[in-house]
Structures are given as structure tokens and as C-alpha cells.
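S.K.: Before anything else, here's the structure in question.
The values are calculated or read from the model by the stated rules, or taken from the named source; none is laboratory data. The model shown is predicted, which means the values in this text are computed figures rather than measured ones. Cβ sites come from the backbone with ideal geometry, for glycine too, and all protein chains shown count toward neighbours.
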Amino acid sequence: MAKKTVLVQPLITEKTEKQSTKLNKFSFLVHRRANKVEIRKAVEEMYGVSVEAVNTMVVPGKTKSRSTKTGVVRGRVSAYKKAVVTLTEGETIDFFAEI
């Protein structure tokens, strides 16, 4: 799998920001078929840091519905794979440096 397709995007929420400051853990949305070794290599190459551990999880899709003038519209949100990467002590990733 190509390195650019392994990492889809960084996941930035309140919970992940708290983890990154206190526990030095960073979250990414990754390709569904990417394994832990590929994720580790992709993060190390892209951000120039050393990775201590990688934890992955597949978040299941959910059904959503909303009311409109014509009735209730039902849909489905796709499932995705999330990776939580723990960096070695003293290293960090700044997602907002390029802005």
C-alpha cells in the first residue's frame, strides 16, 4: 500500500487534543486495509517522529435520519478505521504548523 493512502487525515476533536497534550497520543483516520506496521512507517516518514505504539479500531457505521418537508430521510454513515499513535517521550506532532 502506498504511503500517501495509508493516512487519510488527522483526527482533531476535543478528546484527541486532550490525549495529545497529556498522554502524547495522536489520532488519525486510516485506510481500512492498513495494518499497524504500515501506519507506524507512514507516520514516521510523514512527520519525522519515532512511534512507540499503534492502536487501531474500526468504528462501525451508523444509521441517521432527519425530518424534511417530504418526510423522514434515512441514510447511513460509512464505517472507518481509526489509529491512535503513541509517540516516544519528548516528541510531538504539530498539525497546524503548515497553516
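S.K.: I'd like to know if segment 74-91 contains one or more residues that are surrounded by 12 or more Cβ atoms within 10 Å (Cβ to Cβ), modelled with pLDDT of 95 or more and in contact with a helix residue (DSSP H, G or I) (Cβ under 6 Å, 6 or more places away or on another chain).
M.R.: Checked segment 74-91: at least one residue is surrounded by 12 or more Cβ atoms within 10 Å (Cβ to Cβ), modelled with pLDDT of 95 or more and in contact with a helix residue (DSSP H, G or I) (Cβ under 6 Å, 6 or more places away or on another chain).
S.K.: Which residue pairs have Cβ atoms closer than 6 Å, lie 6 or more positions apart in sequence or on different chains, and pair a first residue in segment 48-77 that is under 20 Å from PHE26 (Cα atoms) with a second residue that is surrounded by 12 or more Cβ atoms within 10 Å (Cβ to Cβ) and acidic (Asp, Glu)?
M.R.: Pairs that qualify, where the first residue is under 20 Å from PHE26 (Cα atoms) and the partner is surrounded by 12 or more Cβ atoms within 10 Å (Cβ to Cβ) and acidic (Asp, Glu), are VAL49/GLU91; VAL51/GLU44.
S.K.: Do you know which residues across segment 57-68 are β-branched (Val, Ile, Thr) and either modelled with pLDDT of 95 or more or under 23 Å from ALA34 (Cβ atoms) (or both)? First the steps, then the outcome.
M.R.: Looking only at segment 57-68, we keep the residues that are β-branched (Val, Ile, Thr), and these are 58-59, 63, 68.
If the condition is that a residue be β-branched (Val, Ile, Thr) and either modelled with pLDDT of 95 or more or under 23 Å from ALA34 (Cβ atoms) (or both), then VAL58, VAL59, THR63 are the ones that fit.
S.K.: Search segment 36-63 for residues being more than 19 Å from GLU91 (Cβ to Cβ) and of a type in the set (D, E, K, R), and hand back the single one that is surrounded by the most Cβ atoms within 10 Å (Cβ to Cβ).
M.R.: This residue is GLU38.
S.K.: Quick one: what pairs do we get from segment 1-30, first residue charged (D, E, K, R), second part of a strand (DSSP E or B) and modelled with pLDDT of 95 or more, C-beta under 7 Å, 6+ apart or different chains?
M.R.: LYS25/VAL84; LYS25/VAL85; LYS25/THR86
S.K.: Just the residues that are exposed (fewer than 11 other Cβ atoms within 10 Å of the Cβ) and of a type outside the set (Val, Ile, Thr), please, taken from segment 5-31. Lay out the reasoning, then the answer.
M.R.: Step one: filter segment 5-31 for residues exposed (fewer than 11 other Cβ atoms within 10 Å of the Cβ), giving 9, 13-15, 21-22.
Once the filter is applied, which keeps residues that are exposed (fewer than 11 other Cβ atoms within 10 Å of the Cβ) and of a type outside the set (Val, Ile, Thr), segment 5-31 yields GLN9, GLU14, LYS15, LYS22.
This table checks each residue for (1) modelled with pLDDT of 95 or more; (2) of a type outside the set (Gly, Ala, Ser); (3) more than 26 Å from ALA97 (Cα to Cα).
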{"site": "LYS25", "(1), (2), (3)": "yes, yes, no"}
{"site": "LEU29", "(1), (2), (3)": "yes, yes, no"}
{"site": "GLU45", "(1), (2), (3)": "no, yes, no"}
{"site": "ASN55", "(1), (2), (3)": "yes, yes, no"}
{"site": "THR70", "(1), (2), (3)": "no, yes, yes"}
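S.K.: Kindly indicate which of ILE93, ILE12 is out of contact with any Phe, Trp or Tyr (no Cβ under 6 Å at 6 or more places or on another chain) and of a type in the set (A, V, I, L, M). Even if it seems obvious, please write down each step before you answer.
M.R.: Working: ILE93 fails: out of contact with any Phe, Trp or Tyr (no Cβ under 6 Å at 6 or more places or on another chain).
Only one candidate passes the filter, namely ILE12.
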